[in-house]
Amino acid sequence: MEAARGELSPLILFEVRHEPVGEEAAIESAPDDGRRRLVELERELAAMRESLQQADEELQLLLDNVPAGVMIRNRSGRILKVNAGSAKFLNRPIDQIEGRNLGDFGLPGAILEEDRQVIDSGRPLLNVVHQIDGRDGQPLWLRMDRMPFLHRGTGEICVYALAENMTDTQKARQALTESEERFELALRGSDLGIWDWDLVDGTVFWSSRCLGILDIDRTEFAGMQADFWDRIHPDDKDRVEAARTAHFDKGAPYIVHYRIRRKDGSYRWIETRGKAVRNEKGRPVRFLGSADDITDRRRGELALKEKTEQMALAETIGGIGHWRIDLVENSLFWSDQVVVIHGEDPATFRPDLERAIEYYHPDDRAMVQRCVEDGMTRGQPFEFEARIVRRSGEVRVVHSICRVERDRDGKVTVLFGVFADITERREREKERQKTLDELYRSNAELSRFSYVCSHDLKEPVRTLGNLAELLLDEEQPVDDAERRDLLTRIHKNAQRMSVMIESLLAFSRADGTLTTEPVDLNETMEEVRDNLSAAIEQAKAEIEIGGLPTLSGARVHFRQLFQNLIGNALKFGRPGDCRVEISCRDEGDFWSIAVDDNGPGVPEGAREEIFQVFKRLHRRDDVPGTGLGLSICKKILKQYRGMIRCDRSALGGASMIIRLPKESS
């Protein structure tokens, strides 16, 4: 630090010596006027000595109590005089300091060099700061003023030194310097620009970074508010003005994003933060803050937003969401689609770990809990299908897949995965499997149907061929009786083939789609009774029909259904005493209709087989028929989601029980 120097002649301190003379001798040896003058002079000298003594005492008192250090040193560095302040700086008593040299106290050698400059030049040296070791080794900073003077006791030119403790000030300056350096480093590291707007005169200061954002130098910026304002994108000016007004008038935080024009005409997005400085009346007089170029960040945010929206759209279309369990933050995140799958509103619903498990069906909850715990504790990925129950009570089937994230130490930090509602998929799979099963059954039935058709149709055709050959064989003439017998047999086989063909046609049409209408089964039974009147009369049968419901369906289906069932009952009923009863019972969602007869019945082991195509329990010669009647009944009922089974009848024969859902009615 440079010292302030001034022109000042050395101080010369002198001492007035007076040898007292006896008053009588002086008066006696002097004339009268002289004697009086000597007496007055003696009195003046006495008063002067008293004043000097008092001044010395006051000066010493001042030196002992002034906080500054006072020290008198000669050219060799010998300390001639110190006060209490200097003793405090050196942490020694005064009697251990006076008479010793500066070097004895570890003071910097520069102090002695500067003392000699003062003595040699005769000029004072002011405001020089030196660091010395203070108490407990802590550094002290002393500001020293030194002036030359002629010591009256030794007659040599010495230094009169004043020292003031500047430690707190120096530390504050050093802290300020370090703070400024840290601030500068922080600005460089954060890449922030600083601006300062004087609201009184309208001038604006921009730091180098602010200028760098716009790619201009200081000469291209006028430093006025208008120049800054002209660079803001026109579409953003209202927003900037509104934010500034809200800050000035209401103290709202000033954080605003806007576009500002660069030198080449392009725009950059910046984020500015500001704080108003107000006067004693509370009016803003300065406005200062920071500016940060956020163009790349904003582009990244827009890209991320776009990808997030695309992902959300894809999740919505695909019905797949994603979730994340953060074990560090102990939090759970669900994407909007996951929330929707759970039957909640994404705008208001916020999931948590405890509530999430409660959505699962009680029978699946333990399995899900075990999977999640294994993932958290052992880092075990998992995949499961389970049922969730929405608050509405609706049950949905979901599929979840989990993967695990670990930190550098291998500790599990995050579980993340995808979540899909597969209810419809599982239903489709069930339907597909049902269709496949039906296809397999149909193929098997078709195969059997083809085989039986081939077998049963070949037999009458072959018989017809053989009989025709007998009639046409000229080498084996037949008489009229034989010819009649052959023709009768031909006619019988032709009828048999006709019945079989009609039955096959009926079987093939049984699952055809027909126009539905309300069908009163009581009326249908009367039609069936009329169609079977000849068979009823031949069997001398008694038919009892109870009250029947009205169903929705094809009239021809219900007529064919009951005509086959009653026809079978007549066919197998007790000859001469045939009895058939048709009854109906309400079973809630179903109607149960039974057709009972008093025939021989069906053995228990054959009650399933009789519904197969062409399945017969009796020889054709014993009981005529094709074996398709009950197969046709089963096929018709299947169209109406109904069923048929054979049981033991209370009449002693067979009981054909059909069940039809009421919703078809």
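Observations, loosely collected:
- Pairs where the first residue, in region 327-343, is at positive phi and the second is surrounded by 21 or more Cβ atoms within 10 Å (Cβ to Cβ), C-beta under 9 Å, 6+ apart: Gly343/Tyr359; Gly343/Ile388
- Here Ile341 meets each of (1) farther than 18 Å from Arg426 by Cβ; (2) at pLDDT 90 or above with one exception, condition (1).
- Residues in region 561-598 that are open to solvent by 50 Å² or more (accessible area, probe 1.4 Å) and modelled with pLDDT under 85: Gln563, Lys571, Phe572, Arg574, Pro575, Gly576, Asp577.
- Some residue of region 556-576 being out of contact with any strand residue (DSSP E or B) (no Cβ under 9 Å at 6 or more places or on another chain) and more than 15 Å from Ile632 (Cβ to Cβ): yes
- Residue list for region 379-409, restricted to those being under 18 Å from His361 (Cα atoms) and open to solvent by 60 Å² or more (accessible area, probe 1.4 Å): Glu383, Glu385, Arg387, Arg391, Ser392, Glu394, Val395
- The condition of being at pLDDT 90 or above and either loosely packed, with under 15 Cβ neighbours inside 10 Å or in contact with a strand residue (DSSP E or B) (Cβ under 7 Å, 6 or more places away or on another chain) (or both) holds for only one of Arg100, Arg135, that being Arg100.
- Filtered residues of region 209-222 (kept if over 39 Å from the mean Cα position of the chain (by Cα) and either under 16 Å from Gly274 (Cα atoms) or not basic (Lys, Arg) (or both)): Ile216, Asp217, Thr219, Glu220, Phe221, Ala222
- Number of residues in region 246-261 that are exposed (fewer than 12 other Cβ atoms within 10 Å of the Cβ) and either in a helix (DSSP H, G or I) or hydrophobic (A, V, I, L, M, F, W, C) (or both): the value is 2.
- Selected residue (criterion: farthest from the chain's Cα centre (by Cα)) from residues of region 386-409 that are of a type in the set (Asp, Glu) and outside any strand (DSSP E or B): Glu394
- Filter pass, Ile157 being at pLDDT 85 or above, open to solvent by 30 Å² or more (accessible area, probe 1.4 Å) and under 30 Å from Thr272 (Cα atoms): no
- Residues located in region 216-243, provided they are open to solvent by less than 30 Å² (accessible area, probe 1.4 Å) and in contact (Cβ under 8 Å) with a residue 40 or more places away in the chain: Ile216
- Any hit, region 153-172, residues being in a strand (DSSP E or B) and over 17 Å from Gly69 (Cβ atoms): yes
- Taking each residue of region 564-589 that is in a loop (DSSP other than H, G, I, E, B) and looking for partners that are of a type in the set (Val, Ile, Thr) with beta-carbon atoms closer than 8 Å, six or more apart or interchain, yields Gly573/Val580.
- The C-beta contact set for region 277-306 (first residue under 15 Å from Ile255 (Cβ atoms), second residue exposed (fewer than 11 other Cβ atoms within 10 Å of the Cβ), distance under 9 angstrom, 6+ apart or interchain) is empty.
- Residues of region 71-97 classified as within 21 Å of Gly155 (Cβ to Cβ) and either in contact with a Ser or Thr (Cβ under 9 Å, 6 or more places away or on another chain) or open to solvent by less than 30 Å² (accessible area, probe 1.4 Å) (or both), total: 8
- Residue check, Glu58 open to solvent by 90 Å² or more (accessible area, probe 1.4 Å), among the acidic types (Asp, Glu) and modelled with pLDDT under 85: yes
- Scanning region 263-301 for residues that are open to solvent by 60 Å² or more (accessible area, probe 1.4 Å), within 18 Å of Arg239 (Cβ to Cβ) and assigned to a strand (DSSP E or B) returns Tyr267, Arg273.
The values are calculated or read from the model by the stated rules, or taken from the named source; none is laboratory data. Values in this document were obtained by computation on a predicted structure and should not be read as measured data. Please note: Cβ atoms are built from the backbone with ideal geometry, for glycine as well, and neighbour counts cover all protein chains shown. All accessible areas refer to the heavy atoms of the entire protein, side chains included, with ligands and DNA or RNA removed. Shrake-Rupley method; radii C 1.70, N 1.55, O 1.52, S 1.80 Å.
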